[in-house]
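A.B. asks: Quick one: this structure, given as structure tokens, is what I'll be asking you about.
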């Protein structure tokens with residue numbers, strides 16, 4: 001089972017075309033057929049104001065579609081953990097492997113997953129590196145998020161490969177990181193300074 005998470009703001013789906021395209025690519029890769037959803041349904045009236053999370057569970061067919069009010073988690077500290085051969089290029093509803101890595105966060109709020117020492121994502125978001133030289137995002141994320149992709153396409157972020165050691169040392173003049181995903185556009189949560197990241 002796959003999952004697609006879409007931000008709904010005041011009754012409007014955000015970045016809908018990219019979400020539908022990702023669903024199409026995922027279903028074609030996994031099942032060899034077209035996506036069961038080609039158009040998003042109207043947002044139910046109780047969820048037509050404010051910020052709402054829409055979750056679509058799907059495979060060859062739509063499993064369920066859920067709407068919930070949304071409030072971002074408060075994340076102030078990050079721990080770098082090695083994810084080995086972690087593969088999450090398709091957005092599976094089963095997050096057990098991600099949850100197992102997140103359990104290694106210790107006294108930190110969230111993790112940053114390394115793959116062969118290279119920074120990828122947190123357990124539920126892509127990252128932006130905020131630098132004196134511009135805004136960057138990991139060149140090879142675990143999941144190519146729709147928010148990340150839209151920032152790259154608009155020229156608001158460039159890709160960069162950064163090791164955990166480089167991140168902690170402030171290489172490339174990186175001074176903080178920002179968590180982004182479909183529910184977290186830039187500015188939705190505060191940036192996390194490098195000093196609040198550890199192994």
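What follows is calculated from the coordinates using simple rules that are stated; it is not laboratory data. Just so it is clear, the structure is predicted and the values come from calculations on it, not from any experiment. For neighbour counting, all protein chains shown are included, and Cβ atoms are generated from backbone atoms with ideal geometry for every residue, glycine included.
A.B. asks: With contacts defined as alpha carbon pairs under 8 Å and 6 or more residues apart, what's the relative contact order of segment 2-69 in percent?
C.D. replies: Numbers: 106 pairs, mean separation 27.2, N = 68.
Relative contact order for segment 2-69 comes out at 40 percent.
A.B. asks: With viscosity set to 1.567 mPa s at 4 °C, what whole-number translational diffusion coefficient in µm²/s follows for segment 82-199 from Stokes-Einstein and a Kirkwood radius over Cα pairs? Kindly include the intermediate steps, with their values, before the conclusion.
C.D. replies: Working: Rh = 14.3 Å.
My calculation gives 91 µm²/s for D.
A.B. asks: Please state the relative contact order of the chain as a whole percent: Cα pairs under 8 Å, 6+ residues apart?
C.D. replies: On the way: 383 pairs, mean separation 38.4, N = 199.
Computed over the chain, the figure is 19 percent.
A.B. asks: Kindly express, to the nearest 10 degrees and within the range 0 to 90, the angle between helix 16-31's C-alpha long axis and the longest C-alpha principal axis of the chain.
C.D. replies: Here the helix axis deviates by roughly 90 degrees.
A.B. asks: Right, next: Go ahead and set up a Gaussian network model of the chain, Cα springs under 10 Å, then flag whichever of 15, 126, 181 fluctuates most.
C.D. replies: Among 15, 126, 181, the largest mean-square fluctuation in the Gaussian network model of the chain belongs to 15.
A.B. asks: Further question: Taking neighbour counts of Cβ atoms within 10 Å as a proxy for exposure, in what order, fewest first, do 129, 67 appear?
C.D. replies: Details: 129 26, 67 16.
Ranked by crowding around the Cβ, least crowded first: 67, 129.
A.B. asks: Also, I was wondering about something else. Given contacts defined as C-alpha pairs under 8 Å and at least six residues apart, what's the relative contact order of segment 84-187, whole-number percent?
C.D. replies: Numbers: 160 pairs, mean separation 28.5, N = 104.
Result for segment 84-187 is 27 percent.
A.B. asks: Using only the Cα atoms of segment 23-128, what semi-axes does the equivalent ellipsoid have when each is the square root of 5 times a gyration tensor eigenvalue? Give whole Å, largest first.
C.D. replies: Values: eigenvalues 167, 88, 21 Å².
One finds semi-axes of 29, 21, 10 Å for segment 23-128.
A.B. asks: Under a crude label model (7 Å from the Cα following the beta-carbon direction), how far is residue 73 from residue 158 in nanometres?
C.D. replies: 3.1
A.B. asks: Would you mind ranking 76, 91 by Cβ crowding within 10 Å, fewest neighbours first? Intermediate values should be presented prior to the final figure.
C.D. replies: Numbers: 76 12, 91 17.
Exposure proxy ranking, most exposed first: 76, 91.
A.B. asks: Here's a follow-up. What is the spin-label model distance, in nm, from residue 64 to residue 168 if the labels are put 7 Å beyond Cα along the C-beta direction?
C.D. replies: Result: 4.1 nm between the two label points.
A.B. asks: At q = 0.15, 0.18, 0.22, 0.26 Å⁻¹, what is the log10 ratio I(q)/I(0) for segment 2-69, with the Debye formula run over Cα points and no solvent?
C.D. replies: After summing over all Cα pairs, the log10 values are -0.45, -0.63, -0.88, -1.13.
A.B. asks: I would also like to ask the following. Could you check what % of the DSSP bridge pairs in the chain are antiparallel, to the nearest 5?
C.D. replies: Details: 34 of 44 bridges.
Expressed as a percentage, antiparallel bridges in the chain total about 75.
A.B. asks: On the first, second and third principal axes, largest extent first, how far apart are the outermost C-alpha atoms of the chain in Å?
C.D. replies: So the three principal-axis extents are 47, 35, 34 Å.
A.B. asks: Tell me the label-point distance for the pair residue 16, residue 85, using the 7 Å Cα-to-Cβ offset, in nm and rounded to one decimal.
C.D. replies: About 4.1 nm, to one decimal.
A.B. asks: Next question. What is the packing order of peptides 132-142, 151-161, taking the mean over residues of other C-beta atoms within 10 Å and listing the highest first? Could the numbers behind the result be given before it?
C.D. replies: Working: 132-142: 17.0, 151-161: 13.8.
Output ranking for 132-142, 151-161: 132-142, 151-161.
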